[in-house]
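Everything on this sheet refers to the single structure shown next.
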Amino acid sequence: MSIDGPGPRGRRDRPAKPALSRSGIVAAAVGLMRAEGLRRVTMRRLARELDTGAASLYVYVRNTAELHAAVLDERLSTVDLSPVAAAGDWRDRLIRVLLSYAGVLFDNPGLAATALATRPHGPGYQRLLEAVLTLLDEGGMPRDRSAWLLDLLLQYATATAAEHADTGDGADAAALDAARRSLADSAHPRLVAAGTELFAGTPAQRMDWAFRVLINGAANTPLPTVDDPEGTSS
């Protein structure tokens, strides 16, 4: 008596796996990040996802840090750079680009910390830098200040996203406000007087204001000169 049905499948009967490539590895890493979070995107976990050995991935990516940097750069390719060619005030358009950059980090918790720890250098990051410098040049910002301001603007956006990566629900702000309310006026009069102004405005409004402070401040603050080793300027 025989039992009909498929027998064990040999390796030759299995569908061929797609050939590995750096772009395919990064795409799989992005999908894994969306499903499980960036912390789960390791070489070993990604190898299982791709049904291969971790050693095979090292041919294309040196380590997990480089993998995360590649994921970050891929996500930076989604930053909205259309304001560069749009009409309107250059500051408003620059801030739209910066808010889009921050939004990508807010939407992908963990990437901001990667951006702080490892400066990206791929095409997505390069296009972002070019866009910011183009708008600063359009606004007449001196080139030397643009180079320094570029660093400040992206640092602020990145640090803000990293700060709120795990506290997007506002729990930390609520705890701080509750602690402030319990303070005695005599011991902390200015902190108590600041009241709700400490937490006023939406995150986007606060970021918009901070970007304007940095931009306007750079426009009116010359860089230190070569003969100014203490880093002071008039």
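Take the residues of segment 116-131 that are open to solvent by less than 20 Å² (accessible area, probe 1.4 Å) and of a type in the set (A, V, I, L, M): which is farthest from THR160 (Cα to Cα)? The qualifying residue farthest from THR160 (Cα to Cα) is ALA131. Residues that are of a type in the set (Asp, Glu) and in a helix (DSSP H, G or I) were ranked within segment 82-125; the one that is farthest from GLU36 (Cα to Cα) is ASP92. Cβ separations smaller than 8 Å between residues 6+ apart or across chains give the following pairs from segment 75-94 residues that are closer than 22 Å to ALA27 by Cα to residues that are open to solvent by 70 Å² or more (accessible area, probe 1.4 Å): LEU76/ARG127; SER77/PRO123; SER77/ARG127; VAL79/ARG127; ASP80/ARG96; LEU81/ARG127. Among residues of segment 200-223 that are touching a residue at least 40 places away in the same chain (Cβ under 8 Å), those with a Cβ under 8 angstrom from a residue that is surrounded by fewer than 11 Cβ atoms within 10 Å (Cβ to Cβ), sequence gap 6+ or separate chain, pair up as THR221/SER233; PRO222/SER233; PRO222/SER234; LEU223/ASP144; LEU223/SER233.
Considered as a group, the residues in segment 29-56 that are of a type in the set (Asp, Glu) and within 25 Å of the chain's Cα centre (by Cα) include one that is farthest from LEU72 (Cα to Cα), and that residue is GLU49. Name the single residue, out of those in segment 160-183 being assigned to a loop (DSSP other than H, G, I, E, B) and open to solvent by 100 Å² or more (accessible area, probe 1.4 Å), that is modelled with the highest pLDDT. Going through the qualifying residues, I end up with ASP166. Looking only at residues of segment 57-73 that are among the β-branched types (Val, Ile, Thr) and open to solvent by less than 50 Å² (accessible area, probe 1.4 Å), we find that the one that is farthest from the chain's Cα centre (by Cα) is VAL61.
Go through the residues of segment 82-90 one by one and say whether even a single one is of a type in the set (Ser, Thr, Tyr) and under 14 Å from the mean Cα position of the chain (by Cα). There is no residue in segment 82-90 that is of a type in the set (Ser, Thr, Tyr) and under 14 Å from the mean Cα position of the chain (by Cα).
Six or more apart or on different chains, Cβ under 9 Å: which pairs go from a residue in segment 36-52 that's closer than 24 Å to ALA112 by Cβ to one that's of a type in the set (Ser, Thr, Tyr) and open to solvent by less than 30 Å² (accessible area, probe 1.4 Å)? Could you list them? So the pair list comes out as LEU38/THR114.
Residue count for segment 95-109 under the criterion of being in contact (Cβ under 8 Å) with a residue 60 or more places away in the chain and surrounded by fewer than 21 Cβ atoms within 10 Å (Cβ to Cβ): the result is 3.
In segment 184-215, the qualifying residues are those that are open to solvent by 80 Å² or more (accessible area, probe 1.4 Å) and within 23 Å of LEU149 (Cβ to Cβ), and the one that is modelled with the lowest pLDDT is PRO203.
The values are calculated or read from the model by the stated rules, or taken from the named source; none is laboratory data. Keep in mind that what you see is a predicted model, and the values were worked out from it rather than measured. As a convention, Cβ positions derive from the backbone with ideal geometry for all residues, glycine included, and neighbour counts pool all protein chains shown. To get the accessible areas, we keep the full protein, side chains included, count just its heavy atoms, and leave off ligands, DNA and RNA. Shrake-Rupley method; radii C 1.70, N 1.55, O 1.52, S 1.80 Å.
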